[in-house]
Amino acid sequence: MTLNSKIPDGPIQQKWDNHRFNMKLVNPANKRKYHIIVVGTGLAGSSAAASLAELGYNVTALCYHESPRRAHSIAAQGGINAPKNYPNDGDSIWRLFYDTVKGGDYRAREANVYRLAQVSNSIIDQCVAQGVPFAREYGGLLDNRSFGGAQVSRTFYARGQTGQQLLLGAYSALSRQIGLGTIKFYERREMLDLVVIDGQARGIVARNMVTGKFESYVGDAVILATGGYGNVFFLSTNAMMCNATATWRAHKRGAFFGNPCFTQIHPTCIPVSSDHQSKLTLMSESLRNSGRIWVPKAKGDKRHPNDIPEDERDYYLERLYPSFGNLVPRDVASRRAKEMCDKGHGVGATGLAVYLDFSSTIQRLGKGWVEEQYGNLFDMYQQITGENGYEQPMRIYPAVHYTMGGLWVDYNLMSTIPGLFVLGEANFSDHGANRLGASALMQGLADGYFVIPYTIGDYLATSKFPKVDVNHAAFKDTERDLSQTTSQLMAIKGKKPVDVLHKQLGKIMWDKCGMGRNEAGLKEALQEIPKLREEFWNNVLIPGSADSFNQELEKAHRLADFLELSELMCTDALHREESCGGHFREESQTDDGEAKRDDDKFSYVAAWEFKGVGSKETLHKEPLAFEYVKPSQRSYK
Amino acid sequence: MSENTMTIKLKIWRQKDRNSGGQLVTYTMPGVSPDMSFLEMLDLLNLDLVRKGEDAVAFDHDCREGICGTCSLYINGRAHGPLRGVTACQLHMRTFHDGETIVIEPWRAKPFPIIKDLVVDRSAFDRIMAVGGFISVKTGGTPDGNAIPIAKPVAEEAMDAAACIGCGACVAACKNGSAMLFVSAKVSQLALLPQGHAERKARVEAMVAQMDEEGFGNCSNTYACEAECPKNISVEHIARLNREYLRAKFIQE
């Protein structure tokens, strides 16, 4: 099979407009004859479900949460980008496009990124109309702030809770359609398999998490908006339930997986304190606007930070990158923090932290100003660490945050399975090898509000749909298989609880496929993961019963998939013998320690085809052409 | 950290499912570090229970950073525990002392039926939202975001209301099981913003009617909701809800 990205012809500025005109439409009266299943209700899923229902399609939406509003998009803090150029600082669609392609270290598809930049302004208008209370200036107009990887202020925000407010906006649109009866919504349902009939995605089988029953849902197209797979590392900033099961099972049914090794490590998280830690907490990188990052110049300096004089501090980002300073992209900031700690300059009890210091901003603008901008983040920090960030510098360390990789999709956001569309973090499409801050919210909503409503129509209008219902053998067989796998899991009755095995996997991944990767480590990981997977299938211990509410069983299903996905991540990381963005192969760096790409060999999307558990997947390459933003060594100096 | 661990006694509500009876079960937890979060302490208990082949304590949780609104524990007689302005997941064990007995119950309110142990069904909130918790705007065709200036204090007050995480602590804390704080937060946010004015009357009437139908009680101004709200949502929004409701009854639109 050859990959066809279906990028429309023509100049990049006109591709989307031309494509929208050329796509087939579904007549308004015919839309209600089509049934679309949307899995996941975060920004991408809620916005897609609501927009499609408004158009007249029949929509079924499901999520494993108890309410659509709980999806992890809610936790995004900092903001959402749009090149409105309200501050008059030289922003434009072209600049956002340029920044995003460059920020992604030239591993994203230009046409997709341009479209993203194009529709982003409409997202702001849409959200304002929904009643999202964005921050405003005294004149009543919308306020902007700056973010990593950009030299203009284009980030719209709602205090430190932008994701929450945008999700509640999308949730309100979704709720309205549920009230109108155009969307049927099912909560506490976890998708466990995709059903493909005659080569088309025709539905899913989900587990009812309250009763334990397997339920089939039939449609003419399936949309996955199920988020990323950062929890493969066990410790990440993802919510506890975030998982790869929906995307991974679709992968096993034939959807290629794009760039699985591209994971983002976020620089401003609260450091790990103990073995009991269940997750890591991120603090918005908007803090880097006003806070200064430093470590003591002397190695192993154990003095209280406030006792270390100014000339004994190394503001290393400002020193290394005079033009971007503390606002370098996330991958650079993270890697430099690790480097400082590895060299012995780390602070705090574990030595795995650097300081984020607000004292000069407090001196300049006052504590009140900092409180108004970032108050909730300071509160959060104090809650977790017991320390006051206004009185002494905060300690931060990088943590797994986002996965740029995901199911491969074409320009229409369709995977390699006809009728299976993938939106938001779950797809691989727009961020290349590194995502810029405030771009995840933008992409999720762009996909859901402004891309899928058009592209899905073209698929529906040009495809044939034989009549299928839940009694079709494909659904019955899938239900039976899932029931057998579940019984098998329950019957193991081994010695290790799910979390114990998950922590073991997380450690392998963090040590060998984390911020720095090398050939030897990845090869070790590829030996260790299959062994751990075998241990899981022989020694996991799940209490309770399969036909009731059982959180341990839910976790076991998810871990089973992480134990397969992790192997693919390492395979991908091993094959990509270059550094780019968040993928830092230690063998491939410049003299001053920056990521060194190899455009001659690796300027492509790696799309992997599943070949059976434990078998090496087949690599398909989608070449990347850069016609408008010429690849160069990224420089933030 | 191991030098100053604590031993905690837990009394946890265990209930097999919606139709079964339940009871408080006592567990002793040694080795609790003050730096652990409250939910990590429960993780530790569950690890221990699972190793013994016993059913883990079911509790709802997800983001563990106080924003998703999933966690819903009634701790020592208070929604989200003893601290103000935080959710249960943001609570750390340093708030408790060695040897302390901690009682953990689910939200107790008729419209929130128990699913298992500490997990309740809060879908009543979603049903209230579905009848009016929105501005009726379709995707596309909206005016420029700066077309309607909104005074900063108004936007800020709307944001104060919009900060509600829909956790249901207000209902659990209220002796009447009233959802007025939750409903008022949304009504207030959308009544304050000019975009929401067109549907003021219909919105408040529909949401209040659904709130009553779900079986939530009335407000008798004890302010327990505000005291226990992890996002410090003010009861002033309830006053605005009442004004909106009265206004709706007196005007025709």
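In the condition set (1) surrounded by 24 or more Cβ atoms within 10 Å (Cβ to Cβ); (2) over 23 Å from the mean Cα position of the chain (by Cα); (3) within 14 Å of chain B (Cβ to nearest Cβ), A:Lys184 is compliant with all but (1).
With within 14 Å of chain B (Cβ to nearest Cβ), at pLDDT 95 or above, in contact with a Leu (Cβ under 8 Å, 6 or more places away or on another chain) and not in a strand (DSSP E or B) as the only criterion, which of A:Leu553, A:Leu563 stands out?
Numbers: A:Leu563 fails: within 14 Å of chain B (Cβ to nearest Cβ).
Every option except A:Leu553 fails the conditions.
Going through segment A:451-501 one residue at a time, which ones are in a loop (DSSP other than H, G, I, E, B) and within 14 Å of another protein chain (Cβ to nearest Cβ)?
Of the residues in segment A:451-501, the ones in a loop (DSSP other than H, G, I, E, B) are A:462-472, A:493-495, A:497.
Correct list: A:Lys493, A:Gly494, A:Lys495, A:Pro497.
Residues in segment A:50-59 that are surrounded by 21 or more Cβ atoms within 10 Å (Cβ to Cβ) and more than 11 Å from chain B (Cβ to nearest Cβ): A:Tyr57, A:Val59.
Of all residues in segment A:601-613, those satisfying the criterion of being surrounded by 11 or more Cβ atoms within 10 Å (Cβ to Cβ) and either hydrophobic (A, V, I, L, M, F, W, C) or touching a residue at least 24 places away in the same chain (Cβ under 8 Å) (or both) are A:Phe602, A:Ser603, A:Val605, A:Ala606, A:Ala607, A:Trp608, A:Glu609, A:Phe610, A:Val613.
The single residue among A:Ala49, A:Ala53, A:Ala71, A:Ala61 that is within 30 Å of A:Met283 (Cβ to Cβ) and touching a residue at least 12 places away in the same chain (Cβ under 8 Å) turns out to be A:Ala71.
Residues in segment B:196-253 that are of a type in the set (Val, Ile, Thr) and either touching a helix residue (DSSP H, G or I) at 6+ places or on another chain (Cβ under 8 Å) or buried (at least 21 other Cβ atoms within 10 Å of the Cβ) (or both): B:Val204, B:Val208, B:Ile233, B:Val235, B:Ile238, B:Ile251. So for segment A:438-450 (the condition being in contact with a helix residue (DSSP H, G or I) (Cβ under 9 Å, 6 or more places away or on another chain), part of a loop (DSSP other than H, G, I, E, B) and not assigned by TED's automatic domain parsing to the domain that holds A:Asp275), does at least one residue qualify? Looking through segment A:438-450, at least one residue is in contact with a helix residue (DSSP H, G or I) (Cβ under 9 Å, 6 or more places away or on another chain), part of a loop (DSSP other than H, G, I, E, B) and not assigned by TED's automatic domain parsing to the domain that holds A:Asp275.
Looking at this structure, is A:Glu524 of a type in the set (D, E, K, R) and within 23 Å of the chain's Cα centre (by Cα)? Can you show your working first?
Working: of a type in the set (D, E, K, R): yes; within 23 Å of the chain's Cα centre (by Cα): no.
No, not satisfied.
Against the list (1) in contact with a Leu (Cβ under 9 Å, 6 or more places away or on another chain); (2) charged (D, E, K, R); (3) not in a loop (DSSP other than H, G, I, E, B), the condition A:Arg95 fails is (1).
Can you tell me how many residues within segment B:173-190 are more than 9 Å from chain A (Cβ to nearest Cβ) and touching a Lys or Arg at 6+ places or on another chain (Cβ under 8 Å)? Don't jump to the end; show me each part of the working.
Step one: filter segment B:173-190 for residues more than 9 Å from chain A (Cβ to nearest Cβ), giving B:173-185, B:187-188.
After this cut, where a residue has to be touching a Lys or Arg at 6+ places or on another chain (Cβ under 8 Å) as well, the list is B:173, B:177, B:184, B:187-188.
Matching residues across segment B:173-190 total 5.
With the structure loaded, tell me whether A:Glu578 is more than 14 Å from chain B (Cβ to nearest Cβ), assigned to a loop (DSSP other than H, G, I, E, B) and modelled with pLDDT of 95 or more or whether it fails that test. Criteria met by A:Glu578. In segment B:94-121, the residues that are under 21 Å from B:Ala56 (Cβ atoms) form Cβ pairs under 7 Å with partners that are among the polar types (S, T, N, Q), at six or more places apart or across chains, as follows: B:Ile102/B:Asn76; B:Val103/B:Asn76; B:Pro106/B:Ser72; B:Trp107/B:Ser72; B:Ile114/B:Gln15; B:Lys116/B:Gln15; B:Asp117/B:Gln15; B:Val120/B:Ser72. For segment A:64-88, taking the residues that are in a helix (DSSP H, G or I) and facing chain B (nearest Cβ under 7 Å), the one that is nearest to A:Val210 (Cα to Cα) is identified as A:Arg70.
Can you confirm whether segment B:31-49 contains a residue that is farther than 30 Å from A:Gly163 by Cβ, touching a Gly at 6+ places or on another chain (Cβ under 9 Å) and part of a loop (DSSP other than H, G, I, E, B)?
Residues of segment B:31-49 farther than 30 Å from A:Gly163 by Cβ: B:31-34, B:45, B:47-49.
Now restrict to residues that are touching a Gly at 6+ places or on another chain (Cβ under 9 Å): B:34.
Within this subset, residues satisfying the condition of being part of a loop (DSSP other than H, G, I, E, B) are B:34.
Within segment B:31-49 (the criterion being farther than 30 Å from A:Gly163 by Cβ, touching a Gly at 6+ places or on another chain (Cβ under 9 Å) and part of a loop (DSSP other than H, G, I, E, B)), the answer is yes, since at least one residue qualifies.
Mind checking whether some residue in segment A:526-547 is hydroxyl-bearing (Ser, Thr, Tyr) and more than 14 Å from chain B (Cβ to nearest Cβ)? Looking for residues that are hydroxyl-bearing (Ser, Thr, Tyr) and more than 14 Å from chain B (Cβ to nearest Cβ), one finds none in segment A:526-547, hence no. Checked against (1) surrounded by fewer than 20 Cβ atoms within 10 Å (Cβ to Cβ); (2) in contact (Cβ under 8 Å) with a residue 60 or more places away in the chain, A:Cys580 meets all criteria but (1). Annotation note: Cβ proximity below 6 Å between a residue of segment A:275-288 that is in the same structural domain as A:Gly389 (by TED's automatic domain parsing) and a residue that is polar (S, T, N, Q) and assigned to a loop (DSSP other than H, G, I, E, B) (sequence gap 6+ or interchain) occurs for A:Leu280/A:Thr237; A:Leu282/A:Thr237; A:Ser284/A:Gln77.
In the condition set (1) modelled with pLDDT under 95; (2) within 22 Å of B:Thr87 (Cα to Cα), B:Gly141 is compliant with all but (2). If you scan segment B:228-253, which residues turn out to be modelled with pLDDT under 95 and acidic (Asp, Glu)? Result: B:Glu253, single match.
Please indicate, with yes or no, whether at least one residue in segment A:520-532 is in contact (Cβ under 8 Å) with a residue 40 or more places away in the chain, under 22 Å from A:Thr247 (Cα atoms), of a type in the set (A, V, I, L, M) and surrounded by 20 or more Cβ atoms within 10 Å (Cβ to Cβ). Before the answer, list the steps.
Initially, segment A:520-532 is screened for residues in contact (Cβ under 8 Å) with a residue 40 or more places away in the chain, giving A:522-523, A:525-526, A:529-530.
From what's left, under 22 Å from A:Thr247 (Cα atoms): A:526, A:529-530.
From what is left, the residues that are of a type in the set (A, V, I, L, M) are A:526, A:529.
Subset that is surrounded by 20 or more Cβ atoms within 10 Å (Cβ to Cβ): A:529.
Yes, the conditions are met somewhere in segment A:520-532.
Residue count for segment A:187-225 satisfying the condition of being crowded, with 19+ Cβ neighbours inside 10 Å, in a loop (DSSP other than H, G, I, E, B) and away from every other protein chain (no Cβ under 14 Å): 3. In this structure, does A:Val605 turn out to be of a type in the set (A, V, I, L, M) and in a loop (DSSP other than H, G, I, E, B)? No; evaluated as a whole, the condition is false for this residue. For the criterion of being more than 25 Å from B:Lys110 (Cβ to Cβ), out of contact with any Pro (no Cβ under 7 Å at 6 or more places or on another chain) and modelled with pLDDT of 95 or more, B:Leu181 fails. Kindly indicate the residue of segment A:142-169 that is of a type in the set (D, E, K, R) and in a loop (DSSP other than H, G, I, E, B) and also farthest from the other protein chains (Cβ to nearest Cβ) among those meeting that condition. Restricting to residues being of a type in the set (D, E, K, R) and in a loop (DSSP other than H, G, I, E, B), the top hit is A:Asp143.
The values are calculated or read from the model by the stated rules, or taken from the named source; none is laboratory data. Predicted model only: the values in this text are computed from it and were never measured. Glycine also receives a Cβ, built like all others from the backbone with ideal geometry; neighbour counts cover every protein chain displayed.
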